[in-house]
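Since the structure comes first, as C-alpha cells, the remarks are kept for the end.
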Amino acid sequence: MTKDAQRVLIIEDDKPLRATLAATLKAEGYAIVEAGSVTSARQRIAEGPIDLAVLDLGLPDQDGIALLIELRARGDMTPIVVLTARHDEATKVRALDLGADDYVTKPFGLAELLARIRSALRHGVQLRGSPPVVRTGNLTMDLARRIVTKGGADIRLTRKEFDLLAELAIDIGKPVPHERLLEAIWGSPDADIRYLRVYIGQVRDKIEDDPHHPVLLVAEPGYGYRLS
Ligand code: CA
C-alpha cells in the first residue's frame with residue numbers, strides 16, 4: 001500500500017463478491033479494508049480513518065442502515081456508497097435520505113461501481129473546499145456570479161433554470177431528491193413534479209451535447225436527479 005492510497009472499507013458479507021471488489025479496487029490503487037458484518041465494520045472504523053465505505057445493507061448481524069445512521073449521527077461524513085438489491089427502491093431512497101452519498105443496485109457492473117466511488121470521493125473533497133465554481137466536462141458553473149459557460153461560451157439560463165442547475169451543482173455527483181429541487185425552485189417540496197420535468201428538459205437543451213441522451217443531468221428514477 002502506498003502512502004497516498006485512499007482507504008476504502010468494503011462492508012459485504014458475500015465473500016466471493018467481497019474478494020472481487022477488493023481485488024478490483026486494489027488494482028485501481030486503493031488501499032482496502034474489509035468487513036463482513038456491522039460489528040466488524042465498527043472495529044475497522046475505530047482502527048483508523050477511511051476515505052470511503054462501500055456498504056452492503058443485507059448483513060448478518062444488523063442492517064447496514066444501522067451503521068449509516070450511527071456514523072451520520074455522530075457527524076462522521078465519510079462518503080458511503082450503498083449496495084442494494086434492485087427491487088428495493090424504498091430502501092434505496094431511505095439510505096440516500098439518511099446520508100448515503102450514492103447507491104449501486106445489485107447486480108452491478110464493476111465499472112459502474114468504480115465510477116460511483118470516484119464521484120463520491122470527489123464529492124467528499126468538495127465538501128471540505130466548497131468552491132463557488134463547479135466544473136464538469138466542458139461545463140463551468142460560477143455559482144456566486146450566476147454564470148454558466150459551455151466550452152467557454154456563455155449559456156443563457158432563466159432564473160429558475162439557474163437555481164435548478166445550482167442546486168444540483170452544489171452536490172455534484174450525488175443524487176438530489178425531487179423534493180429538494182422543488183423546494184429550491186418553487187419554495188415548496190410539494191410543488192408539482194411535472195414542472196420540474198419541464199425545467200429539467202429546458203436545462204438539458206442548453207447544457208447537453210445531445211439533450212435526448214443526457215450525460216450531465218441524469219435522472220435517478222424514483223428519487224431525483226444528479227449532475228454527473
Ligand atoms: Ca449481503
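The values are calculated or read from the model by the stated rules, or taken from the named source; none is laboratory data. In this text the structure is predicted, and so the values were computed from the model without any measurement. Cβ atoms come from the backbone with ideal geometry, glycine included; neighbour counts cover every protein chain shown. These area figures cover heavy atoms from the full protein model, side chains too; ligands, DNA and RNA do not enter into them. Shrake-Rupley method; radii C 1.70, N 1.55, O 1.52, S 1.80 Å.
Averaging Cα coordinates gives a centre for the range 78-96 and one for the range 152-228; these two points are 21 Å apart. What the chain shows is 50 Å² of accessible area per residue, with the surface traced by a 1.4 Å probe over protein heavy atoms. Counted residue by residue at 0.36 nm each, then reduced by the alpha carbon distance between them, the extension gain from ALA27 to ARG159 reaches 43.0 nm.
Amide H to amide H distances under 5 Å link LEU59 with GLY64, where only residues 5 or more positions off or on other chains count and H is placed in the peptide plane. Using the Cβ-Cβ distance between MET77 and GLU112 with R0 = 30 Å, the FRET efficiency computed as 1/(1 + (r/R0)^6) comes to roughly 0.80.
Backbone geometry of the range 147-160 corresponds, through the Karplus equation with coefficients 6.51, -1.76 and 1.60 at θ = phi - 60°, to 3J(HN,Hα) couplings of 10, 10, 10, 10, x, x, 8, 4, 10, 8, 10, 6, 4, 5 Hz, x marking Gly and Pro. Across the range 113-122, computed HN-Hα scalar couplings (Karplus, 6.51 cos²θ - 1.76 cosθ + 1.60, θ = phi - 60°) run 4, 4, 5, 5, 5, 4, 5, 5, 5, 4 Hz from first to last residue, x flagging Gly and Pro.
Here the Karplus curve 6.51 cos²θ - 1.76 cosθ + 1.60, taken at θ = phi - 60°, turns the phi angles of the range 53-60 into couplings of 10, 9, 10, 6, 8, x, 10, x Hz, with x standing for Gly and Pro. Three semi-axes describe the equivalent ellipsoid of the range 3-127; taken as square roots of 5 times the Cα gyration tensor eigenvalues and ordered largest first, they are 18, 17, 15 Å. The slack between ASN138 and ARG42, meaning 0.36 nm per residue of separation minus the straight C-alpha distance, is 30.5 nm. Using equal-weight Cα scatterers in the Debye expression, the normalised intensity of the chain in log10 at q = 0.16 Å⁻¹ is -1.13. Full extension of the chain between ALA191 and ALA5 gives 62.5 nm of extra length, using 0.36 nm per residue less the Cα-Cα distance.
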